[in-house]
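Visitor: One structure coming up, written as C-alpha cells, with questions to follow.
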Amino acid sequence: MSKTPRILLIYTGGTIGMIKDFETGALRNFNFDELLEHIPELKLLDCEIETTSFDTPIDSSNMSPSYWVVLAQMIETNYEVFDGFVVLHGSDTMSYTSSALSFMLENLAKPVVFTGSQLPIGDLRTDAKENLITSIQIAAWREKNHPKVAEVCLYFEYKLYRANRTTKMNAEHFEAFNSPNYPPLAESGVHLLFNDDALYRPNRRKKLKVHTALESNVLLIKMFPGMRPETMAYLCDYPELEGVILETYGSGNVTNEPWFLAAIKSLISKDIPVINVTQCSGGSVAMGLYETSVGLKKLGVISGKDMTTEAALAKLMYLLGHEISVSSFKMLFETSLRGEIS
C-alpha cells in the first residue's frame, strides 16, 4: 500500500450528489469529477481521492439486488488498488444496501463507508459536507499500518455505525439513522473517537471473496391485528416463493390461531425458510418466552434474534443464493456472520 491512503468515492445517486440548477431551480445530479469545486476542503485531507459513479445514478427508492451486485463488483475490481471506499447513497434504502454488501463482501479487510445526506450538497445548510469529509477521514484512518475500520459501515450526523445494525428512523432530522442493538463504532466531535471494543476484527490472512448470487423471490410480512386468513393464504401461495420474513410483535409473538400456524406449517413443509424478526425498533426475538410464540418455535421458524429487518432480508437473500441444506440454513441464519447478531 502507498504511504498516502487512496480512497475511492463511489456515487450511486441520492440527495447528497445534487445541486440546484440556477436556471430551472430543480435539483440535478452533478458530475463527481468536479467534486473539489464544490467541497474544496477535501484538498486538505491527507489522502488521495478518486471518484467513480453508476453509469446512470439512481434514486435510492429504485435500488435493487442487481445494483448491489454492480456495487460489489466495483469494490472487487478496485480492491487491491485502493485502501478504502466511500459509497454515496440515498438515505431511504441505505441500510438495505449496506447490510447486503456486508454479507456479499466476505473476508473484507478494508473500510467500506456508506454515507449520504438529508439536504443536497449545494444547499447552504447541507449536512452533506460533514458527512462526506468525515466518511473519507474514517476510510483513510490507519493504525499500525492497517485500516482502523475493516467492515461495511454507515456514517451519518457525527456517528459511525456497523451497517448491518442500522435502520433509518427519521425522514426530516439530520440524525436520520439509529443502531438500536449495537453501539456506534465511532463518534465525531472535536476529536474522532473510535469504540475499539465495537469494531469488527477481520482475519487479514484470508482473501476477499465477493458473492453475487442473491435470491429476491422472498416476502416480508408485517403482522397486524386483523390480518385475514385469506390474505395470509394468498401471500404464501406465490409459486416462486423461496423465503419469508415475519415482522412480529414484541419478542417474536404473533397470533396462535390455527389458520395462521397452518400457513406457516405449509411453508416449512415445502422447505421455505420462515424468519421471525421483531417490529420493535430495539430488542430481540425470544421465541417460547410467551405462549403466542411457542407454536412458531415448534414448527421450526428461524429466530432473527436482534437483527434489523434490513439485515434479516439481506441475509435471507444472501443465504438463499447458496446451495445450503435446510438443516444448515437455520444454523447459519441464527449465527452471526458479519456482526449482525449480538
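Taken together, the values in this text are just the output of simple stated rules run on the coordinates, not laboratory data. If you're wondering where the values come from, they're calculated on a predicted model, not measured in any experiment. Quick reminder, even Gly has a Cβ in these numbers, built from the backbone with ideal geometry, and neighbours come from all protein chains shown.
Visitor: Longer than 18 Å from Cα to Cα, which of 43/110; 270/298; 265/297 are they? Say none if no pair is. Kindly include the intermediate steps, with their values, before the conclusion.
Guide: Working: 43/110 22 Å; 270/298 16 Å; 265/297 11 Å.
Beyond 18 Å: 43/110.
Visitor: A further question follows. For a footprinting-style exposure proxy, rank 80, 23 by other Cβ within 10 Å, fewest first.
Guide: Working: 80 9, 23 6.
Final ranking by Cβ density, sparse to dense: 23, 80.
Visitor: Neighbouring Cβ atoms within 10 Å as the yardstick, rank 53, 328 fewest first.
Guide: Values: 53 18, 328 12.
Fewest to most other Cβ atoms nearby, the residues stand as 328, 53.
Visitor: In addition: What's the longest bit of the chain with no exposed trypsin sites (Lys or Arg not before Pro), using DSSP loop states and at most 15 other Cβ atoms within 10 Å as the test? Numbers along the way, then the final one.
Guide: Numbers: sites that count: 3, 125, 144, 204, 205, 206, 207, 270.
Answer - 4-124.
Visitor: Specify whether the C-alpha gyration tensor of the stretch 252-342 places it in the rounded, prolate or oblate class, a ≥ b ≥ c being the square roots of the eigenvalues: rounded for a/c under 1.5, otherwise prolate if a/b is larger than b/c and oblate if not.
Guide: Details: a/c = 2.03, a/b = 1.18, b/c = 1.72.
Verdict is oblate for the stretch 252-342.
Visitor: Taking loop as defined by DSSP and a crowding limit of 16 other beta carbons within 10 Å, which GluC sites (Glu not before Pro) in the stretch 93-181 fit? Please list the in-between numbers first.
Guide: Numbers: sites: 106, 130, 143, 151, 157, 172, 175; in loops: 151, 157, 172, 175.
Here the sparse-neighbourhood loop sites are 172, 175.
Visitor: Also, quick follow-up: Over all Cα pairs of the chain, how is the pair count split among 20 Å bins, expressed in % and running from 0 up to the last occupied bin?
Guide: 31, 53, 16, 0
Visitor: What fraction, in whole percent, of alpha-carbon pairs in the stretch 80-182 exceed 24 Å separation? List each step's numbers first, then the result.
Guide: Numbers: 983 of 5253 pairs.
Beyond 24 Å sits 19 percent of the P(r) for the stretch 80-182.
Visitor: Cut-off is 10 Å between beta-carbons; in what order do 83, 59, 197 appear when sorted fewest neighbours first?
Guide: Numbers: 83 22, 59 13, 197 7.
Sorted ascending by nearby Cβ count, the order is 197, 59, 83.
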